[in-house]
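J.: Have a look at the structure that comes next, please.
Read-outs: derived from the displayed coordinates by stated rules, not from any lab. Note that this is a predicted model, so its numbers are computed, not measured. When we count neighbours, we look across all protein chains shown, and the Cβ atoms used for this are built from the backbone with ideal geometry, even at glycine.
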Amino acid sequence: MSFVRNAWYVACWAHDLSTDPLAETILSKNIVLWRGEDGTPRAAENLCPHRFLPLSKGRVNGNNLQCGYHGLVFDGDGGCVEAPTQDTPPDDCRIRSYPVHENMGIVWIWMGDPALADTDDIYDLPQYHQDGWGVAYGDALDVEANYLLLCDNLCDPTHVNYVHPSTLGNPDEFNAPVTHEDMSWGVITERLTPNSLPTGFVKAFSGHDGRVDMWQRYLMYLPSVSIIDFGATAAGTGSWQEGGDARIQVFSCHFMTPITETRTIDRWLHVRNFRADDPSVGEGISEQFRIAFAEDKEILQAVQVEESRNDGRAKIGLDLDASAGLFRLKVNRMIRAEQLA
């Protein structure tokens with residue numbers, strides 16, 4: 001398996017990037033990131049071409065990065081601008097640099113052809129920037145599993161009742177129909193459960209005592225961004241599009257960065273339409289999510305172990321696999337197109 005390279009991935013949280021070099025592995029490539037004195041994030045391969053010391057062992061020098069072994073200095077474009085004991089660096093002394101961009105409290109990196117990098121293609125949630133919506137940052141969930149296993153999980157509302165019964169599951173959802181739609185940017189998977197009992201999450205944060213109309217909409221963007229739009233209104237008073245008495249709506253955002261073939265970092269945050277100025281609410285939601293995501297991690301890591309052990313063995317398919325299968329097909333098409341190019 002290989003990765004989609006001509007795409008924007010999350011390199012790190014913006015608040016984790018300072019004037020100290022930061023080492024990350026992304027798509028099996030070792031990367032160093034740093035923030036210069038001007039505040040701009042930069043990224044390059046994490047290797048000094050002189051003696052191969054990782055540049056993350058060095059230091060930031062102004063806006064540039066200095067090797068910690070012999071003091072070679074590299075700029076944000078990967079060029080060596082200073083070498084000790086000589087007037088000019090060797091002509092071939094340079095490293096690969098990577099386009100980076102900061103948005104939504106995230107530093108994004110482009111791992112493919114830099115000529116194709118367009119910051120307009122970076123995912124952006126409009127509600128993140130709007131008044132009346134509260135933002136809370138979660139964690140960088142380290143999962144020992146291939147990123148497409150995480151994508152499968154985030155195309156699949158049917159697993160919720162079995163993996164997350166105490167927080168996100170609902171007995172009324174067991175046989176609720178699931179639909180999906182092919183989009184230019186990925187796949188939408190949707191489950192609507194009108195006039196149903198509220199989940200534990202909805203009870204905790206909405207104040208709903210009676211029956212509700214709930215929705216789960218899994219928006220899976222190529223190659224590995226998932227936005228889960230879910231919420232509830234009093235039964236018969238609204239819809240997922242608008243309105244509703246005591247409407248509660250949350251966007252759970254997952255930005256999955258493939259580290260290696262069998263390891264993924266899922267950085268997540270959430271945006272809500274209620275009690276936007278109360279940080280304790282955001283932390284309360286995060287605690288609920290941590291319970292659920294730990295349950296996902298346990299499942300997915302166990303699946304990865306068995307996939308490796310049973311390499312080549314065919315899996316059976318179910319109707320509920322349709323959206324995840326479509327998403328994988330679209331990812332594979334992207335990979336093949338890059339390989340042919």
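J.: Measuring from centroid to centroid over Cα atoms, what is the spacing of the range 215-232 and the range 42-94 in Å?
T.: For the range 215-232 versus the range 42-94, the Cα centre distance is 41 Å.
J.: How much length would be gained if the chain were fully extended between Glu287 and Glu338, taking 0.36 nm per residue of separation minus their Cα-Cα distance, in nm to one decimal?
T.: So the extension gain works out to 14.4 nm.
J.: Please give the calculated 222 nm ellipticity per residue for the chain, where each DSSP H segment of at least 4 residues contributes -39500 (n - 2.57) and the sum is spread over every residue; nearest 500 deg cm²/dmol?
T.: Helix contribution divided over all residues of the chain: -6500 deg cm²/dmol.
J.: Would you mind calculating the gained length between Thr237 and Asn103 on full extension (0.36 nm times residue separation, minus the Cα-Cα distance), in nm to one decimal? Display every interim value, and only then the final one.
T.: Details: separation 134, 0.36 × 134 = 48.24 nm, distance 3.53 nm.
Using 0.36 nm per residue and subtracting the Cα-Cα distance, I get 44.7 nm.
J.: Would you calculate the separation in nanometres between label points at Val305 and Thr179, each defined as 7 Å from the Cα along the Cα-to-beta-carbon direction?
T.: Rounded to a tenth, the inter-label distance reads 4.0 nm.
J.: In the neighborhood of Ser323, defined by Cβ-to-Cβ distances under 12 Å, what is the net charge if each Lys or Arg adds +1 and each Asp or Glu adds -1? Don't skip to the answer; put the middle values down first.
T.: Working: positive: Arg191, Arg217, Arg328, Lys330; negative: Asp152, Asp156, Glu181, Asp182, Glu190, Asp319, Asp321.
Net of charged neighbours comes to -3.
J.: Next question, about the same structure. Hey, what angle do you get for helix 322-340 against the long axis of the chain, alpha-carbon based, 0 to 90 degrees rounded to 10?
T.: Taking the Cα atoms of the chain, the angle to 322-340 is about 20 degrees.
J.: Same structure, new question: Between Gly312, Gly207, Gly105, find the one with the highest GNM mean-square fluctuation for the chain; connect C-alpha pairs within less than 10 Å.
T.: Of Gly312, Gly207, Gly105, the most mobile in the Gaussian network model is Gly312.
J.: If you don't mind, another one. May I ask for the net charge around Tyr218, where only other residues with Cβ less than 12 Å from the Cβ of Tyr218 are counted and Lys, Arg are +1 while Asp, Glu are -1?
T.: Every neighbour counted, the sum reads -3.
J.: List the Cys residues of the chain that have no partner Cys with a C-beta closer than 4.7 Å.
T.: Within the chain, the cysteines lacking a partner Cβ under 4.7 Å are Cys12, Cys151, Cys155, Cys253.
J.: Let me ask something additional. So, in nm, how far is label Asp77 from label Arg96 when the simple model puts each one 7 Å beyond its Cα toward the Cβ?
T.: 1.9 nm
J.: Treating the angle as unsigned and between 0 and 90°, give the value, to the nearest 10°, between the Cα long axis of helix 279-309 and the longest Cα principal axis of the chain.
T.: It is inclined by approximately 80 degrees.
J.: Right, here's the next one. What nm distance separates the two modelled labels at His129 and Asp113, each placed 7 Å from Cα along Cα→Cβ?
T.: 2.9 nm
J.: To the nearest 20 Debye, how big is the dipole of the chain about its Cα centre, given +1 on the beta carbon of each Lys and Arg and -1 on that of each Asp and Glu?
T.: Value, rounded to 20: 580 debye.
J.: Given the options Val100, Leu150, Ser308, identify the residue whose Cα lies farthest towards the positive end of the charge dipole of the chain (+1 on Cβ of Lys, Arg; -1 on Cβ of Asp, Glu).
T.: Ser308
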